[in-house]
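The values are calculated or read from the model by the stated rules, or taken from the named source; none is laboratory data. What you see is a predicted model; the values in this text were computed from it and never measured. Glycine gets a Cβ as well: all are built from the backbone with ideal geometry, and neighbour counts include every protein chain shown. Each accessible area value is taken on the protein alone, full model and side chains, heavy atoms only, with ligands, DNA and RNA left out. Shrake-Rupley method; radii C 1.70, N 1.55, O 1.52, S 1.80 Å.
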Amino acid sequence: MKWQRLLDDTLHYVRPQLGQGVVADYIPALAAADPRAFAMTIVTLDGEVFSVGEATTTFSIQSISKVFTLTLALEWEGQELWKRVGREPSGSAFNSIVQLEHEGGVPRNPLINAGALVVTDTLVRFSQAGAIDQLLALLRGLCDDETIDVDSTVAASERVWGHRNRGLAWFMKSFGVIRSDPNEVLDAYFRQCAVAMSTEQLARAGLFLANEGRDPITGAQVTSHERVNRINALMLTCGHYDMSGDFAFRVGLPGKSGVGGGILAVAPGVGSIAVWSPALNRSGNSLVGTLALEQLSLRAGLNLF
Ligand code: GLN
């Protein structure tokens with residue numbers, strides 16, 4: 001039970017810090033989250049699940065969805081996707097528009113909002129069953145759990161307060177970078193942000209990222225080893241917006257945050273880790289979640305470097 005002890009010790013270490021940071025307040029559904037809530041789960045490659053805290057409570061995965069939509073978009077569009085989205089850290093806030101005009105409407109990477117909108121544009125264009133249905137099918141399949149769904153209250157609020165994302169989508173449409181109807185892309189984007197999952201589900205869903213693209217439990221090849229290497233490289237360099245360098249420095253693992261307070265981290269060859277704590281740092285990443293990952297990485301010797 002090495003992992004259980006490590007998780008217990010991690011919670012013990014971070015507990016005094018719970019409540020530090022600020023809960024996202026741009027929509028009421030997120031503002032209502034308890035800033036002191038905490039959960040952490042590791043699923044190892046042999047399928048063992050270890051958790052501390054509220055690991056079955058669902059929360060809004062928000063930008064963590066960008067990892068799964070990217071996985072689908074790369075399957076469907078392949079290399080062509082890189083003509084419309086870059087692979088460089090942005091050094092800017094998650095919803096920034098500043099670089100886009102200078103760079104021909106091509107976002108820096110797929111893990112900031114602008115880039116994720118391009119990815120979702122691919123989903124809208126290529127998916128037979130509809131972008132969100134395909135995303136849900138992927139997540140439900142990975143977790144063997146049909147209950148995973150979009151929180152419709154959060155999705156409705158995202159739509160009401162989504163002015164900045166609308167700006168990004170229409171701006172990129174003017175450059176021809178977004179190919180389909182921006183309204184359709186935005187509708188799918190708002191709903192992908194509103195998918196609700198627990199740390200147990202999220203860690204389970206991310207397991208293929210730690211195992212060369214193959215789900216070690218079902219044996220399903222979710223994506224190729226080469227693509228997973230790329231997705232992990234992007235998570236490491238771009239997964240935390242303008243604090244991606246800080247996350248890589250402190251944790252040393254690929255990770256993707258969301259403003260709901262979740263982070264999915266990948267320990268290649270070991271397992272997949274999800275943490276949730278809703279109070280955020282200045283870049284919109286879970287403050288205590290980052291601290292917990294830093295501690296676990298240190299204690300378990302997970303740092304890739
Ligand atoms: N729904 C948020 C947005 O699009 C997601 C951002 C995030 O999780 N960083 O602005």
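Reported count of residues in the range 147-180, each being under 20 Å from residue 110 (Cβ atoms), part of a loop (DSSP other than H, G, I, E, B) and of a type outside the set (A, V, I, L, M, F, W, C), is 4. Of 262, 271, 301, 252, all but one fail to be among the small types (Gly, Ala, Ser) and within 16 Å of the ligand (Cβ to nearest atom); the exception is 262.
Condition first: of a type outside the set (Gly, Ala, Ser), assigned to a loop (DSSP other than H, G, I, E, B), in contact with a strand residue (DSSP E or B) (Cβ under 9 Å, 6 or more places away or on another chain) and open to solvent by 30 Å² or more (accessible area, probe 1.4 Å). Now tell me which residues in the range 3-31 satisfy that. Within the range 3-31, just 20 meets the criteria. The set of residues from the range 220-249 being within 16 Å of the ligand (Cβ to nearest atom) and of a type in the set (A, V, I, L, M) comprises 234, 235, 243.
Out of curiosity, is residue 199 crowded, with 23+ Cβ neighbours inside 10 Å, under 26 Å from residue 255 (Cβ atoms) and in contact with an Asp or Glu (Cβ under 7 Å, 6 or more places away or on another chain)?
Values: crowded, with 23+ Cβ neighbours inside 10 Å: yes; under 26 Å from residue 255 (Cβ atoms): yes; in contact with an Asp or Glu (Cβ under 7 Å, 6 or more places away or on another chain): no.
For residue 199, the condition - crowded, with 23+ Cβ neighbours inside 10 Å, under 26 Å from residue 255 (Cβ atoms) and in contact with an Asp or Glu (Cβ under 7 Å, 6 or more places away or on another chain) - is not met.
Spot the failing condition for residue 304; the list is (1) assigned to a strand (DSSP E or B); (2) open to solvent by 10 Å² or more (accessible area, probe 1.4 Å), and only one is missed. Among (1) assigned to a strand (DSSP E or B); (2) open to solvent by 10 Å² or more (accessible area, probe 1.4 Å), residue 304 violates only (1).
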